[in-house]
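I have placed the structure first, in the form of structure tokens, so that the comments after it can refer back to it.
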Amino acid sequence: MSLDTMVRNIKSEINLIEKVLDQVEEKQKDIEKLVEKLLNCQGHVFTSGVGTSAFTAGRFSHLLSCSGIPSTFLNPATMLHGGSGAIKPGDVVVIISKGGESGEMVELSKISKGRGATVICLTENGESTLARTCDFVVEIKVSGADIRSVIATGSSLAFSAFLDGICGMIVEKVGFDEDSFKLIHPGGAVGKSLKEGDR
């Protein structure tokens, strides 16, 4: 066992994040459109994914809620068994899928559109089956840092970094209301520091 492996993995992830950063300018219109759709959502923002993408989607949903956009993660294990009934017209469904060929996500996209929601896909493959079913696709290249090219370490980190940037833009746009955040985040060290700030 060698730390060289760990160092090599971390360096490859840093390089991948830089590659994502290099794509931001060319994807400016798509990024601005994504932020606009999230800000103008008249209903609820749902996120979903399978495998590692499910955790990326759940994280994004949580951060959206922290940023002022009501959001819920849609569990892939239940969405095809009635859970997708929560989706209604005016909602936005954000699906994260690196390859865009996950059958569950393709079905979710079709169901969501059938229920009147806007479906957004974040993927590396803009020509995938999933991408072809969505209303709007944001294509970001995230390959190059996954362990053995199959364990989604780097790609999930890269998607998360991209989505963190989206949350930052949303907070800048809507403004950060510390009093409102204090109400929804009373727990932990963050909640404690906010309370101490009142003194």
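Readers should treat all values here as calculations from the given coordinates under stated rules, not as data from a laboratory. Everything quoted here is computed from the prediction, not taken from an experiment. So basically every Cβ, Gly included, is an ideal-geometry build from the backbone, and we count neighbours across all protein chains shown.
Can you tell me, using C-alpha contacts under 8 Å and at least 6 residues apart, the relative contact order of the chain as a whole percent? Walk me through the intermediate numbers first.
Numbers: 303 pairs, mean separation 40.7, N = 199.
Normalised by residue count, the contact order of the chain is 20 percent.
Return the unpartnered cysteines for the chain, using a Cβ-Cβ cut-off of under 4.7 Å.
Cys41, Cys66, Cys167
Provide, in order from the shortest bin, the percent of all Cα-Cα pairs of segment 3-196 in each 5 Å bin, continuing until the bin that contains the maximum pair distance.
1, 8, 15, 19, 19, 15, 11, 7, 3, 1, 0
Amide H neighbours of Ile140 under 5 Å, at least 5 residues apart or on other chains, H built in the peptide plane: list them.
Thr123, Glu124
Could you check what % of the DSSP bridge pairs in the chain are antiparallel, to the nearest 5?
Roughly 5 percent of the beta bridges in the chain run antiparallel, per DSSP.
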